[in-house]
Every structure is written in C-alpha cells, then in structure tokens.
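The values are calculated or read from the model by the stated rules, or taken from the named source; none is laboratory data. Model, not experiment: these values are computed from the prediction. Note that we place each Cβ from the backbone using ideal geometry, even for glycine, and neighbour counts take in every protein chain shown. The area values use the complete protein model at the heavy-atom level, side chains included, leaving out ligands, DNA and RNA. Shrake-Rupley method; radii C 1.70, N 1.55, O 1.52, S 1.80 Å.
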Amino acid sequence: MSSAAERARALLAGALETEPAALGADASIATLEAWDSLAHLRLIEALERALGKPLPPEAIVEIGSLADVTKILESA
Amino acid sequence: MRLDAVGLGSVEDLVTGRRLDGAALATELRRRAGLLAKAGLKPGDPVLIAHGGTPDFFADLFAVWQAGGVAACLNPALTRAELGVLIEFLKPAMLLAAEGFAHAEGLGIPALALAGERGAEAPPQETGRTLDDTALLLFTSGTTGAPKAVAHSFRSLLARLALNRSVIGEADLARTLCLLPTHFGHGLIGNGLTPLFAGADLLLNCGGGIDAAAKLGRVVEERRVTFMSSVPSFWKIALKAGKPPRDAALRRIHVGSAPLGAALWREVIGWSGCDNVVNMYGITETANWIAGASARDMPPEDGLIGRMWGGQAAVLTPQGMAATGEGELLLQSPSLMQGYLHRPDLTQPVLRDGWFHSGDIGRIDADGTLRLLGRQKEEINRAGMKVNPAEIDLLLERHPEVAEACCFALADEVSGELVAAAVRLVDGSAATGPQLRRWCLERARRDIVPERWFLLPDIPRTDRGKVSRAAVRDRCLATAAAAKR
C-alpha cells in the first residue's frame, strides 16, 4: 500500500470516527452511512491541513471515495 | 381550521420542479381533506405525517388541519421501531407517507399516500375545533422509548406566524428558500409556514448536504432569493463548497438552532453580500423564533440574540426572578406551547406561573438585549439537531452486552457538538464501538446515534454516587489522550 493510500485511509477514518481497518478499498460516500455532509467537511478540513492549502470548491464537491482522497494526496 | 381561506403562497420543490401555487394548494388541500374524512378521520384525531420537504408535505399538513386533525410531523428517517413507539404513544388515526414508504405494512393503522389517491374536492366542513385546540405535535426526543411531543395550538402557531411576518416584513419574505427539514420548528414554522402564511413564494431544497451547499450561490442568484434560514454547520459547508452569488437579491438571512460565532457570522455576511444576517434564538416550545439580532443593527458578537420578537424574557438568578442580569432565561410568549403531550411530569417543571423555563443560561441588559451564555439542560446540539443523552443511555443499556452507558456532548469544529458514548461492557464482552453503532442504527435514526465511542472499565461517579456527564467526558478525553502518548 502506498504512503498516500495509508494517509488517505487515516484521514477518512478520522473524519468518519472509525478505525482505518474498517474502510474497504471501495469505501465511498454511497456505501458508508457515516459519510454525511458533516463528516465530509471534517474530511475536507483534514485534507487541507495535510496539504497546507485550501481545496477549490469543485474538488470539495467531487471527492466521493477513498480513491479520490488518495488521488488528491498523490497529486500534491 | 380553514386553510383554504388563508391566502397561502406558492411552494416549489427545486429538486423535482413540482410546484403548487396558492390556488392549487387550496384546491389540493380541500381534495385531501375529503380523502381524510372518507378514510375515517374525525376532528381531534392525531395523524402522523412521515414525509417532508416537498409541496405534497405541505398539502398533507394543511389537509389534516382543514379536516380538524392534529398533525404530528415526523422525521422521515425514523426506524420501524421508533414508528412503533410513536404509534403506541399517540394512537393516531392514520399515517400519511410519500409513495414507496418502506414501513407501510403491519403498522396497525392505515398508511396513505394522498398525492396519488383519487378523490374530488370536498366542500369545507365545520369541524367544531377552536383556536385553543391542539394543532401540531413535534417530537423533540424519546422516539426510542418515552416520547416527548411539544404540543402547539392553532393560537400559538398563528401568533408566531403573525409576529414573524410583522418583524421580518413581506418584502423580505417574498421569495424564501428553505434548506431545512420540515419536521422541526426551525424548518417547518420559521422557514416554511411563515412565508406561506404571508402569501410569499417558498422554494424547497430540504435535502441539505454538500450538493445543496455547493449550489447555494447559483440558486440564490437564479431564483432571486430574498430570504433564507439555516444552521451554522450548513454555512461552514457552503462557505467552502459553494461559490458566492454574483448578483443576489438577498435581503435577510437567518442562522439559528445552534450557536453562531461572531467570526462565522461575518463570513456569512461577506459571502452573501447581505449585511442583514440575523442570529436567531428559537425553541420548539416557543414555536421557534423568539428573538434575533441583525448585524445591520449591532456588530456580530458570540451569543448575541438581540431583543424578543413579541413577549418578554426574564432571568432566574439565585436571588429570584429579575428583569435584567444573568441566569436561566425565562420566557413569555403568545406562541408558547400548550405542554408536552400526555406528559404533565415533564411539562410542570418548565411551565410555571406563566413562564417557560428555557434551560438556557443568558444575560438580559437594561435595554432588553439578550445574550446566550450557555445552557443548564443536558441536551446535545448536533448541527442544530437536539439529542437527549439520557434517551441514548437507555437505548444502549438495552444492548445485551452493555452494562452501563453514559452519553455526552463533545465539542466539534464542524457540527458544534457531536454525540459521544462511554460504555461499560458486561464481563467477557468483546463488543466494539462500530458494532454498538450498527446495533443502534437498527433501532434509532442516525441523528441520535453516537459517533464517538469510549469503552471504559467503569463509568466514573461523583462522591455521592451520581453520574456526571461532564466528569465522564473528562475521563474519556483523558483516557484517549493517554492512549495517544
């Protein structure tokens, strides 16, 4: 597992108040009941802290899966 | 109650495009009132309305009132078990749902979806109901065991709607956007019924969430929205995910149901370009909005909620009641509830000598300006939704592997507070927080299910043997901090 993938899993787990191990590789907003708009904002704020810069509004709306979070960390 | 003679405004669902103008709403509510009578509804009968946020919800609500019924507006996300508790408590004549309602079978009462039912308009009937009869029930807690339903009469509702219209003004209400659910006072009475009873246009986008936040600026701009209300956590999302409107007609923005900090208050003004952003104080027991402070009149300040919108406030100090000073806020209002239905034990402590004891701690200045300083009641305010921790304790203690539970509020940057649970498991149990959460979700709507879990060897008690939620929270945070080191 890449470092970005591990960090993404940890960030998402923190936002959803769950353990990283509880998130499958296919974890997404459609499959996780805890991923509501409040958890989404927690995730965005954690991501912005990790990146050290704000995310553009388009990116905030487009993030919908663990894979998306990983991609953003990889591209930083 | 002759709803078809009110002169209602229009209501439009921005998601589906369905729209009922005032005339269509009057026609539809008369038709549905006929269907309700045909289905056996008698004046004074309670009716559960288990859907919301659409023009059809308002048509159902008004039809229930037109037919003389008592409307109990429910969170559509209630579980089957919670519905069973409410039916047992309320003994309703029927339940109104949207097409495709998942729990329709086996409830023991008829479940109707009136939008799709055939029936001609019914002429208005004299129902024998008076303004002081109960019109509306809103459940503030207890859906998993002992329901707590705030009962409002037509008189208290009409008083609130008239006061809102008078303070807000018709020009501000002209095109109102509602982003809130319609099963609690803020969304239903403040944001929904206020413009409709003023003959204004109500635009609904009640699903909330990221999508509504991201599109807010565009909707405000394209629909020339003049007024909207929301909660602080929605604004935190909208400020990040949504582009501001470039050319807006906004005249007034309310923010309520949870504390609005001065910094966020100023950010909303900056994003919207509207300086009339009003920090609202509203309680279900007072039919929602009862005081408000606009940044146009006074600079944003944490806790500032301005002057009363009708009625008066006092504080309960250690020396007794006082018109000014600090203490529990006591309220008098023509929009005060009748009480908690079937629960004199809960009503008597809060309705005394004509005053409502709010459970909020505040300060009243010599000029009548109110500030909220905190609260003495135990409720948890999760993004504007109030959760009674004692109810969740009892729910958790029904779990066969939970020996003892204590729920409490944890401060959270996004939702203001989140619901946390400290649990002592029975000996030998290996249950985990996620497992307990899944068990709860089968029995209760997700709004009230704890998000953070602490499994403790014992629940700390005071030296008098009592559980203090604050002490439990401190122990949990200390335990978590120690585990991180």
State whether the residues of region B:219-226 include one that is more than 20 Å from B:L173 (Cα to Cα), in a loop (DSSP other than H, G, I, E, B) and open to solvent by 20 Å² or more (accessible area, probe 1.4 Å).
no
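Residues in region B:387-401: is at least one open to solvent by 10 Å² or more (accessible area, probe 1.4 Å), within 14 Å of chain A (Cβ to nearest Cβ), among the acidic types (D, E) and touching a residue at least 60 places away in the same chain (Cβ under 8 Å)?
Here is the first cut: in region B:387-401, the residues open to solvent by 10 Å² or more (accessible area, probe 1.4 Å) are B:388, B:390-391, B:393-394, B:397-401.
Restricting the remaining residues to those that are within 14 Å of chain A (Cβ to nearest Cβ) gives none.
Among the residues of region B:387-401, not one is open to solvent by 10 Å² or more (accessible area, probe 1.4 Å), within 14 Å of chain A (Cβ to nearest Cβ), among the acidic types (D, E) and touching a residue at least 60 places away in the same chain (Cβ under 8 Å), which makes the answer no.
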Scanning region B:241-267 residue by residue, the ones that are crowded, with 21+ Cβ neighbours inside 10 Å, more than 20 Å from the chain's Cα centre (by Cα) and within 28 Å of B:A411 (Cβ to Cβ) total 3
Residue count, region A:59-76, condition open to solvent by 20 Å² or more (accessible area, probe 1.4 Å) and at the interface with chain B (Cβ under 9 Å from one of its Cβ atoms), comes to 1
Practice item. Answer yes or no: is there a residue in region B:76-89 that is more than 23 Å from the chain's Cα centre (by Cα) and at negative phi. Key: no
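Rundown of residues vs (1) acidic (D, E); (2) surrounded by 20 or more Cβ atoms within 10 Å (Cβ to Cβ); (3) in contact with a strand residue (DSSP E or B) (Cβ under 7 Å, 6 or more places away or on another chain), yes/no style:
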site: B:G7; (1), (2), (3): no, no, no
site: B:R32; (1), (2), (3): no, yes, no
site: B:G52; (1), (2), (3): no, yes, yes
site: B:D56; (1), (2), (3): yes, yes, no
site: B:A67; (1), (2), (3): no, yes, no
site: B:A77; (1), (2), (3): no, no, no
site: B:G84; (1), (2), (3): no, no, no
site: B:L96; (1), (2), (3): no, yes, yes
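Being assigned by TED's automatic domain parsing to the domain that holds B:L188, without any contact (Cβ under 8 Å) to a residue 60 or more places away in the chain, closer than 17 Å to B:T226 by Cβ and touching a Cys at 6+ places or on another chain (Cβ under 9 Å) narrows it down to one residue among B:V278, B:V268, B:V255; which is it?
Details: B:V278 fails: touching a Cys at 6+ places or on another chain (Cβ under 9 Å); B:V255 fails: touching a Cys at 6+ places or on another chain (Cβ under 9 Å).
When all the criteria are applied, what remains is B:V268.
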Wholly inside region B:281-330, strands (runs of 3 or more DSSP E) that include 2 or more residues that are buried (at least 19 other Cβ atoms within 10 Å of the Cβ) are B:288-294, B:304-308, B:312-317
Counting only residues in region B:437-451 that are within 11 Å of another protein chain (Cβ to nearest Cβ) and out of contact with any helix residue (DSSP H, G or I) (no Cβ under 7 Å at 6 or more places or on another chain), the one surrounded by the most Cβ atoms within 10 Å (Cβ to Cβ) is identified as B:E451
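Run down A:E48, A:E19, A:E33 and say which single residue is open to solvent by 70 Å² or more (accessible area, probe 1.4 Å), in contact with a Pro (Cβ under 8 Å, 6 or more places away or on another chain) and at the interface with chain B (Cβ under 10 Å from one of its Cβ atoms). Even if it seems obvious, please write down each step before you answer.
Details: A:E48 fails: open to solvent by 70 Å² or more (accessible area, probe 1.4 Å); A:E33 fails: in contact with a Pro (Cβ under 8 Å, 6 or more places away or on another chain).
When all the criteria are applied, what remains is A:E19.
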Hey, any hits in region B:427-436 for a residue that's charged (D, E, K, R), within 14 Å of chain A (Cβ to nearest Cβ) and part of a loop (DSSP other than H, G, I, E, B)?
no
Scanning region A:29-76 for residues that are of a type in the set (S, T, Y) and in contact (Cβ under 8 Å) with a residue 60 or more places away in the chain gives A:T70
B:R343 vs (1) in contact (Cβ under 8 Å) with a residue 24 or more places away in the chain; (2) surrounded by fewer than 18 Cβ atoms within 10 Å (Cβ to Cβ); (3) under 27 Å from B:T432 (Cβ atoms): all pass except (3)
Does region B:452-469 include one or more residues that are within 21 Å of the chain's Cα centre (by Cα), not basic (K, R) and not assigned by TED's automatic domain parsing to the domain that holds B:H357?
no
Test for A:G14: is it without any contact (Cβ under 8 Å) to a residue 60 or more places away in the chain, open to solvent by 20 Å² or more (accessible area, probe 1.4 Å) and not in a helix (DSSP H, G or I): no
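Results for (1) within 13 Å of chain A (Cβ to nearest Cβ); (2) at pLDDT below 95, shown as yes or no for each residue.
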| residue | (1), (2) |
| --- | --- |
| B:G187 | no, no |
| B:N191 | no, no |
| B:D201 | no, no |
| B:A213 | yes, yes |
| B:L216 | yes, no |
| B:F227 | no, no |
| B:R246 | no, yes |
| B:R252 | no, no |
| B:V255 | no, no |
| request: Might you let me know whether region B:407-425 holds any residue that is at pLDDT below 95, open to solvent by 30 Å² or more (accessible area, probe 1.4 Å) and of a type in the set (K, R)? | output: no
Across region B:460-481, the tally of residues that are outside any loop (DSSP other than H, G, I, E, B) and open to solvent by 50 Å² or more (accessible area, probe 1.4 Å) stands at 6
